[in-house]
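Just below is one structure, and these are the notes that go with it.
The values are calculated or read from the model by the stated rules, or taken from the named source; none is laboratory data. Keep in mind that this is a model prediction, so the values were computed, not measured. As a convention, Cβ positions derive from the backbone with ideal geometry for all residues, glycine included, and neighbour counts pool all protein chains shown. SASA here: full protein model, heavy atoms, side chains in, ligands and nucleic acids out. Shrake-Rupley method; radii C 1.70, N 1.55, O 1.52, S 1.80 Å.
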Amino acid sequence: MRQNIEQLVNKILREAKISSPPINVERLAESYFDLDFDCGNLNETELAGLKVTEKKIYINESRADELTANVGLKNFTI
């Protein structure tokens, strides 16, 4: 399984012509996985959540400022 994930990541990086950071993970999520972003009221401990059936990543509205202030945390979370 790990090999499949690495192959997929390498394919996406090649296609997107990404060879070094920073990586716009939002653009990759939208372009390659057809995911949309929205804000929502999640559990206060959660930064974000994925609703597969809706193809959406929900950013916790109450913690959106925290993610905006820390791009590395936002990228990691997404």
For segment 9-77 the mean separation of alpha carbon contacts under 8 Å (6+ apart) over residue count, i.e. relative contact order in percent, is 25
Express the carbon and sulfur contribution to the solvent-accessible surface of the chain as a percent, rounded to the nearest whole number, probe 1.4 angstrom. 51
Sorted by mean Cβ packing within 10 Å, highest first, what order do the peptides 25-31, 42-48 take? 25-31, 42-48
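Mind counting lysine pairs for me in the chain? Cα separation below 22 Å, and the two need to be 8 or more apart along the chain or on different chains.
Values: K11/K55; K17/K74; K51/K74; K55/K74; K56/K74.
Final tally of qualifying lysine pairs is 5.
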Note on the chain, DSSP bridge orientation, antiparallel percent to nearest 5 equals 45
Whole-Hz Karplus couplings 3J(HN,Hα) for segment 48-62, θ = phi - 60° and coefficients 6.51, -1.76, 1.60, Gly and Pro as x, run 7, x, 10, 10, 4, 5, 9, 6, 10, 9, 9, 8, 5, 4, 6
Using a 1.4 Å probe, what is the accessible area per residue for the chain, in Å²? 77
Go through I23, I59 and list them by solvent-accessible area, largest first, probe radius 1.4 Å. I23, I59
Pick the calculated log10 I(q)/I(0) by the Debye sum over Cα atoms at q = 0.12, 0.14, 0.15, 0.26 Å⁻¹ for this structure from [x] -0.27, -0.38, -0.43, -1.38; [y] -0.31, -0.42, -0.49, -1.36; [z] -0.39, -0.52, -0.60, -1.24? [z]
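Please give the length that would be gained between N75 and T45 if that part of the chain were fully extended, namely 0.36 nm times their separation in residues minus their C-alpha to C-alpha distance (nm, one decimal).
9.1 nm
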Quick check: pseudo-label points 7 Å beyond the Cα along Cα→Cβ at R27 and N10, how many nm apart are they? 2.3
